[in-house]
1. Quick one: which strands (runs of 3 or more DSSP E) sit completely within the range A:563-677 and have at least 2 residues that are among the hydroxyl-bearing types (Ser, Thr, Tyr)?
2. List the number of the failed condition for A:Lys486; all other conditions in (1) at pLDDT 75 or above; (2) closer than 30 Å to A:Gln672 by Cβ hold.
3. Is one or more of the residues making up the range B:42-64 in contact with a Phe, Trp or Tyr (Cβ under 8 Å, 6 or more places away or on another chain), of a type in the set (A, V, I, L, M), within 14 Å of chain A (Cβ to nearest Cβ) and outside any strand (DSSP E or B)?
4. Just wondering, is there one or more residues in the range A:691-708 that are of a type outside the set (Ser, Thr, Tyr), in contact with a helix residue (DSSP H, G or I) (Cβ under 7 Å, 6 or more places away or on another chain) and free of Cβ contacts under 8 Å to residues at least 24 places away in the same chain?
5. Give the residue, chosen from A:Arg155, A:Arg177, that is of a type outside the set (Gly, Ala, Ser), assigned by TED's automatic domain parsing to the domain that holds A:Asp242 and modelled with pLDDT of 75 or more.
6. Hey, any hits in the range A:387-395 for a residue that's of a type in the set (S, T, N, Q), outside the structural domain of A:Leu444 (by TED's automatic domain parsing) and under 30 Å from A:Lys436 (Cα atoms)?
7. Tell me whether the range A:458-474 contains one or more residues that are without any contact (Cβ under 8 Å) to a residue 40 or more places away in the chain and among the hydrophobic types (A, V, I, L, M, F, W, C).
8. Just to be sure, is B:Asp18 more than 11 Å from chain A (Cβ to nearest Cβ) and modelled with pLDDT of 85 or more?
Amino acid sequence: MSIDLSQFHQVFFEESFEGLDIMESNLLALNIAEVDSETINTIFRAAHSIKGGAGTFGFMQISGFTHVLETLLDEIRSGERDIEQEHIDMLLQCVDCLRGLMSDLQAGNEPDMAQADELKIHFEKVLANNSKNSTESENAGEPCVDDKSTSEQGRAGWIVHFIPCEDVLCTGNEPYRMFRELKDLAEAVNGSFEVECHRQSLPKFSEMHPEMCYLSWTIHIRADVELSDIEEIFEWVVDDCDIRYEPLSDSGSDTTVEAVPESLVPEGETSPPLHNNDAVNTDPKVSAAAEDNLKIDSREIDSCEIDRNEVKAKANASVKVTKKSTETTSIRVSIDKIDGLINMVGELVITQSMLGQLGQEFDMSRIQRLQEGLAQLEQNTRELQESVMKIRMLPISFAFSRFPRLVRDLSKQLSKEVDLEMIGENTELDKTVMEKIGDPLVHLVRNSLDHGLECPEERIRNGKTSVGKITLNAFHHGGSIVIEVKDDGAGLNKDRIRDKALEKGLITKDDNLTDGQIYDLIFQPGFSTADVVSDVSGRGVGMDVVKRNITELNGSIEVSSIPGEGSIFSIRLPLTLAILDGQLVKVGNEIYIFPLVSIVESIQLEKSMLNNITGSQYVMQLRNDYVPIICLQDIFNIKTARQDLEGAMLVVVEGDNGKVGVVVDELLGQQQVVIKSLEKNYQKVDSISGATILGDGTVALILDVSGLNTRTSDKKNDSHIHAA
Amino acid sequence: MNAAQLNNKDADSGHGTDDEQQYLTFIMAGEEYGVDILAVQEIRGWEPTTVIPNAPNYIKGVINLRGTIVPIMDLRSRFNLASVEYSPVTVVIILKIETERGERVMGIVVDAVSEVHAISDSDTQNSPDLIEDLNTEFIKGLVSIEDNMIILLDVNRLLTIDKQLLTLTSELASGLDSESTAEHEENKQ
């Protein structure tokens with residue numbers, strides 16, 4: 001049976017990257033003074049899975065490299081070596097290196113092993129340093145071997161008593177495969193190999209559970225093999241199963257025994273080693289039954305796997321619909337969410353068949369039932385839609401997880417002491433948004449570290465603790481998510497920003513700017529107040545990119561800062577890019593949609609509310625604000641019957657630059673709309689953020705509130721021109 | 001290209017040369033135009049569009065094409081021809097091109113669809129240079145078939161030049177915008 005392994009490569013890479021993330025986060029969490037064995041174990045397991053996977057798929061570079069790493073971890077795990085800061089640093093470097101190798105392999109390139117080899121040599125040096133310790137450790141790692149002499153004798157061979165737990169097959173471990181590996185191992189050094197099967201614990205056929213394994217085995221390996229190699233084969237099951245190793249004393253006595261043929265793993269009879277034919281002859285019923293069991297097992301396991309793959313594929317498909325990038329990405333979705341979906345689809349089917357039946361024999365007396373059915377259908381669809389959208393939602397910890405490492409490395413590099421706090425890591429955010437927000441966040445955190453936080457001496461001089469603090473905070477606010485990057489550093493230096501802006505000609509001397517306006521200057525391209533350009537930041541490329549990226553996501557960024565106490569960058573993002581709650585409005589014959597979250601209120605205009613400034617620009621006093629008013633019909637050049645503002649509907653919306661009142665003809669209903677790109681086949685249109693398809697199949701345009709808002713100033717300008 | 005050649009050979013195996021391509025021709029103001037048939041996604045009847053604010057006059061708006069938002073261009077006004085009243089038999093040809101940003105789909109409104117011709121590149125002539133008009137940019141060449149002249153259009157140009165123009169104008173506009181905003185900012189102070 002040959003399987004095309006390459007189809008699983010993607011999964012392997014994904015899992016390995018996840019494993020690396022786990023290793024990284026646990027390494028960072030590791031406290032040298034007080035080593036938590038569970039953490040070490042987690043790291044070890046992650047490394048081991050990567051090694052195992054890489055070996056399976058033939059990525060020898062990776063498995064070889066991981067092996068060294070694993071050896072060190074193993075020594076730490078078994079307590080023979082105290083973990084030192086140096087080890088953690090090295091391991092972290094390895095994580096980076098592995099990530100690089102893996103990305104190369106994923107892209108189909110030959111990985112660059114230079115760094116890996118260097119690290120490997122380094123590792124071997126560290127391991128060799130403690131060579132005395134490590135030989136001891138090898139012995140300690142062999143609990144069944146009594147002393148060194150037997151281990152020498154063990155060269156003649158080994159007897160392995162393997163009593164698996166009953167559900168060994170359910171965990172996906174197939175004894176046959178292990179035996180085959182043992183056989184390969186033995187044959188590699190021209191040794192022999194035989195297996196005895198014990199079926200004492202085999203229950204009556206009627207009581208037999210097809211998924212359980214009732215057999216146990218004794219394996220004789222007559223070959224010069226290392227115990228550690230044998231142990232490695234049983235590594236996956238060692239925790240659940242009873243495995244004992246004994247060195248074989250009478251070497252070469254029974255070398256003629258055939259190795260186990262492929263078809264016959266569960267051999268029928270008890271103690272003496274048997275030939276394949278004997279087994280079938282002695283007790284064909286039992287052995288056949290046992291074999292059947294095994295077959296069923298493996299089939300079941302296979303089908304399980306298929307199921308899983310299918311579910312995954314489905315999830316992938318639902319995700320991929322909206323993604324057009326060529327690289328295949330996938331999302332891990334919890335089974336709960338999928339189950340929920342399946343339930344909902346079930347309900348949808350029921351509703352559909354109910355309606356279908358109703359439609360076949362419909363008369364007007366049943367209109368009530370039809371309406372009920374339609375209402376139910378609407379509810380089903382909405383629920384389904386919500387849960388499908390939820391699949392795209394991931395906790396923001398995916399984006400946050402890289403920061404502990406980043407902060408650690410950077411703080412070392414800058415010799416600052418930093419404490420990173422992350423709040424609201426479970427806040428869920430659309431995957432697409434998440435992917436795009438990562439880089440801007442990294443930039444902000446780097447900036448905070450480099451420019452925001454002072455060096456320890458300066459902090460103490462200013463009466464603060466020497467350890468600076470950076471807080472990442474994510475939370476929901478209205479229909480959007482807010483991510484704050486906060487530091488308790490020196491805060492933004494207003495005077496310096498001003499001077500710099502003057503120098504660059506961004507502002508003039510007479511400009512009287514508010515604090516907010518000054519802070520906003522840092523988002524101008526090429527703006528940096530850092531005196532020294534470091535490789536961390538200070539080149540002045542960045543903040544403008546940060547702002548642009550966030551604006552592309554329909555988000556906004558704000559800065560607030562108190563001198564001496566720190567600054568807060570808060571990013572506001574839409575929860576999802578695909579669907580929004582909209583308010584439909586009518587202007588002339590056209591229907592437009594306002595995002596519901598941006599609407600402050602809707603009122604009917606009266607002349608008395610309005611104040612006319614500069615002839616064509618109206619403002620309205622709304623409580624304490626003066627709100628500029630714009631007419632959609634004017635800016636969009638739509639013909640409409642309405643001539644003056646009296647009695648018109650005014651929708652007050654709030655965007656990036658404050659509130660603005662928008663005059664429309666009529667308010668229609670509210671509904672959820674799916675956002676479609678207008679740019680894909682056309683181009684960006686001012687004041688329009690996208691399009692959607694209404695219930696009747698026609699297209700309606702979605703208004704970009706912030707865009708409308710900046711228009712108010714354009715419009716004023718226009719009127720200047722007209723006046724002139 | 002390959003598919004086109006294959007099609008050609010299937011269609012009229014008699015004189016299928018290597019550089020032959022099939023063109024869908026349509027009628028507009030009495031002239032016959034042709035577009036590469038591989039760029040044609042489908043042919044539809046005219047349906048009302050949703051107007052895009054401040055779009056050039058030849059962009060009639062957008063329609064919903066099975067969930068995709070597709071802009072519709074009136075080729076008559078694009079070519080500065082007199083516009084005619086749309087009727088139920090007015091035809092929209094949906095064209096699809098590959099760009100570096102992915103597929104672009106756009107509809108063009110024409111008077112009527114004519115037929116499909118296999119035309120070899122060697123039969124086409126360049127359009128005379130004397131016409132100094134932007135519209136000639138869309139013209140790939142001229143070809144005569146049974147005494148009728150067919151104007152072959154370059155679909156990529158038709159759709160991308162349009163885009164360039166649009167971005168150009170919008171850049172100009174946004175340039176103005178930012179200037180005016182800055183001016184306004186200053187005014188405010």
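1. Details: elements: A:566-574, A:579-587, A:590-595, A:599-604, A:610-613, A:617-622, A:625-631, A:649-655, A:658-664, A:666-674.
In the range A:563-677, A:566-574 are the strands (runs of 3 or more DSSP E) which contain 2 or more residues that are among the hydroxyl-bearing types (Ser, Thr, Tyr).
2. Against the list (1) at pLDDT 75 or above; (2) closer than 30 Å to A:Gln672 by Cβ, A:Lys486 comes up short only on (2).
3. yes
4. Among the residues of the range A:691-708, not one is of a type outside the set (Ser, Thr, Tyr), in contact with a helix residue (DSSP H, G or I) (Cβ under 7 Å, 6 or more places away or on another chain) and free of Cβ contacts under 8 Å to residues at least 24 places away in the same chain, which makes the answer no.
5. Working: A:Arg155 fails: modelled with pLDDT of 75 or more.
Exactly one of A:Arg155, A:Arg177 is of a type outside the set (Gly, Ala, Ser), assigned by TED's automatic domain parsing to the domain that holds A:Asp242 and modelled with pLDDT of 75 or more, namely A:Arg177.
6. Looking only at the range A:387-395, we keep the residues that are of a type in the set (S, T, N, Q), and these are A:387.
Checking which are outside the structural domain of A:Leu444 (by TED's automatic domain parsing) leaves us with A:387.
Then drop every residue that is not under 30 Å from A:Lys436 (Cα atoms), which leaves A:387.
Yes, some residue in the range A:387-395 is of a type in the set (S, T, N, Q), outside the structural domain of A:Leu444 (by TED's automatic domain parsing) and under 30 Å from A:Lys436 (Cα atoms).
7. If we filter the range A:458-474 for residues that are without any contact (Cβ under 8 Å) to a residue 40 or more places away in the chain, which is where we start, we get A:458-461, A:463-465.
Restricting the remaining residues to those that are among the hydrophobic types (A, V, I, L, M, F, W, C) gives A:460.
Looking through the range A:458-474, at least one residue is without any contact (Cβ under 8 Å) to a residue 40 or more places away in the chain and among the hydrophobic types (A, V, I, L, M, F, W, C).
8. Numbers: more than 11 Å from chain A (Cβ to nearest Cβ): yes; modelled with pLDDT of 85 or more: no.
It is false that B:Asp18 is more than 11 Å from chain A (Cβ to nearest Cβ) and modelled with pLDDT of 85 or more.
The values are calculated or read from the model by the stated rules, or taken from the named source; none is laboratory data. Predicted model only: the values in this text are computed from it and were never measured. Every residue, glycine as well, gets a Cβ built from its backbone with ideal geometry; the counts of neighbours run over all protein chains shown.
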